[in-house]
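Only one structure is covered here, and it is reproduced in the block below.
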Amino acid sequence: MTRIVTGMALAAGLGTRMRPLTNDRPKALVEVGGKVLLDWALDRFGAAGVERTIINVHHFADAMEAHIGAHPRAASLTVSDERDCVLETGGGVVKALPLLGEDPVFISNIDAIWVDGPEPELERMRTAWDPERMDVLLLLAPMQATLGFHGAGDFFLGDDGRVAWRGEAERAPFAYAGVQIMKPSIMAGRAATRFSMTEVWRDLVPRGRVFGLPMQSFWMHVGDPAAVAAAEARLTG
């Protein structure tokens, strides 16, 4: 099993769909189930043995830095400052490359939450990770076990574990669940400009280098106030 000691929490988004909850705070500091969204990601990393985490900040950056500085594991947390320009998921990772190192890393959105079963999802990912075959391993949510996701699905999954885009199909059985294992080297040569990680995946999927792992847990995509309320109800019900 590959030891993965570095993670990145993508926390620089504007959170416009989360308004009015984000009128006075960043999306990452919206509370769900007794803790803020950022801490859901940090707790998952901590449980998986991640020793250091990079967190990108932009919207309400001062409040983010205050929360990070007061966190019990603050010494293991590093800020990647995007105050000048929000870079989206891809550009944010490129900017953080000097902090990420060369070994595979966990990358997590902060609006994805779940309650792990007996085998935590990140441990399952680490067990499934094969650096000889994979450049990226995506955690995938079966569409029938999701909350707060309004799309038609993102991916099909082959018998060999490789993903294929939904493309022209009306629906696909899996949604991206917001966590991946990634080789930082796949971002080499890309500029720290505003772009999405999906651009990188679109380059790699036809080469057979992007794999998927279906979740065993129920996935909650917490992207707007209605999803916050629904997630709270599920967590407390």
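What do you reckon, is residue 138 closer than 19 Å to residue 2 by Cβ, in contact with a Gly (Cβ under 6 Å, 6 or more places away or on another chain) and surrounded by 13 or more Cβ atoms within 10 Å (Cβ to Cβ)? Give the derivation first.
On the way: closer than 19 Å to residue 2 by Cβ: yes; in contact with a Gly (Cβ under 6 Å, 6 or more places away or on another chain): yes; surrounded by 13 or more Cβ atoms within 10 Å (Cβ to Cβ): yes.
Yes: the conditions hold for residue 138.
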Next item on the list: Check residue 115 against each of (1) of a type in the set (A, V, I, L, M); (2) over 18 Å from residue 8 (Cβ atoms); (3) touching a strand residue (DSSP E or B) at 6+ places or on another chain (Cβ under 6 Å); (4) touching a residue at least 40 places away in the same chain (Cβ under 8 Å) and name the one condition it does not meet.
Entry: (3)
Margin query: Out of the strands (runs of 3 or more DSSP E) lying entirely within the range 1-110, which hold 3 or more residues that are within 22 Å of residue 141 (Cβ to Cβ) and among the basic types (Lys, Arg)?
Written below: none
Checklist line | So residue 2, is it surrounded by fewer than 16 Cβ atoms within 10 Å (Cβ to Cβ) and either in contact (Cβ under 8 Å) with a residue 12 or more places away in the chain or over 19 Å from residue 223 (Cα atoms) (or both) | finding: yes
Next item on the list: Go through the residues of the range 76-90 one by one and say whether even a single one is under 15 Å from the mean Cα position of the chain (by Cα) and on the phi > 0 side of the Ramachandran plot.
Entry: yes
Item checked: Counted residues, the range 188-221 - those being of a type in the set (A, V, I, L, M) and at pLDDT below 95 -> 3
Next item on the list: For residues that are under 12 Å from residue 57 (Cα atoms), modelled with pLDDT of 95 or more and in contact with a Phe, Trp or Tyr (Cβ under 7 Å, 6 or more places away or on another chain), tally how many sit in the range 69-94.
Entry: 0
Check: Mind checking which pairs have a first residue in the range 134-147 that is touching a residue at least 40 places away in the same chain (Cβ under 8 Å) and in a strand (DSSP E or B) and a second that is of a type in the set (S, T, N, Q) and surrounded by fewer than 20 Cβ atoms within 10 Å (Cβ to Cβ), Cβ under 9 Å, 6 or more apart or different chains?
Finding: 141/217
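Take residue 96 and decide whether it is without any contact (Cβ under 8 Å) to a residue 40 or more places away in the chain, among the small types (Gly, Ala, Ser), over 23 Å from residue 221 (Cα atoms) and out of contact with any Gly (no Cβ under 8 Å at 6 or more places or on another chain). Give the steps one after another, and end with the answer.
Working: without any contact (Cβ under 8 Å) to a residue 40 or more places away in the chain: no; among the small types (Gly, Ala, Ser): yes; over 23 Å from residue 221 (Cα atoms): yes; out of contact with any Gly (no Cβ under 8 Å at 6 or more places or on another chain): yes.
For residue 96, the condition - without any contact (Cβ under 8 Å) to a residue 40 or more places away in the chain, among the small types (Gly, Ala, Ser), over 23 Å from residue 221 (Cα atoms) and out of contact with any Gly (no Cβ under 8 Å at 6 or more places or on another chain) - is not met.
Being more than 20 Å from residue 185 (Cβ to Cβ), touching a Pro at 6+ places or on another chain (Cβ under 7 Å) and either at pLDDT 95 or above or aromatic (Phe, Trp, Tyr) (or both): is that true of residue 120 here? Break it down stepwise before answering.
Working: more than 20 Å from residue 185 (Cβ to Cβ): yes; touching a Pro at 6+ places or on another chain (Cβ under 7 Å): no; either at pLDDT 95 or above or aromatic (Phe, Trp, Tyr) (or both): yes.
Considered against the rule, which asks whether it is more than 20 Å from residue 185 (Cβ to Cβ), touching a Pro at 6+ places or on another chain (Cβ under 7 Å) and either at pLDDT 95 or above or aromatic (Phe, Trp, Tyr) (or both), residue 120 comes out as no.
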Note to self: With the structure loaded, tell me whether residue 204 is part of a helix (DSSP H, G or I), touching a residue at least 40 places away in the same chain (Cβ under 8 Å), under 13 Å from residue 137 (Cα atoms) and not hydroxyl-bearing (Ser, Thr, Tyr) or whether it fails that test.
What the structure shows: yes
Next item on the list: Under 6 Å between Cβ atoms, at least 6 apart or on separate chains: pull out the pairs that start in the range 48-62 with a residue that is over 13 Å from residue 28 (Cβ atoms) and end on any residue that is part of a strand (DSSP E or B) and of a type outside the set (D, E, K, R).
Entry: 50/7; 52/6; 54/8; 54/78; 54/80
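The values are calculated or read from the model by the stated rules, or taken from the named source; none is laboratory data. If you're wondering where the values come from, they're calculated on a predicted model, not measured in any experiment. Note that we place each Cβ from the backbone using ideal geometry, even for glycine, and neighbour counts take in every protein chain shown.
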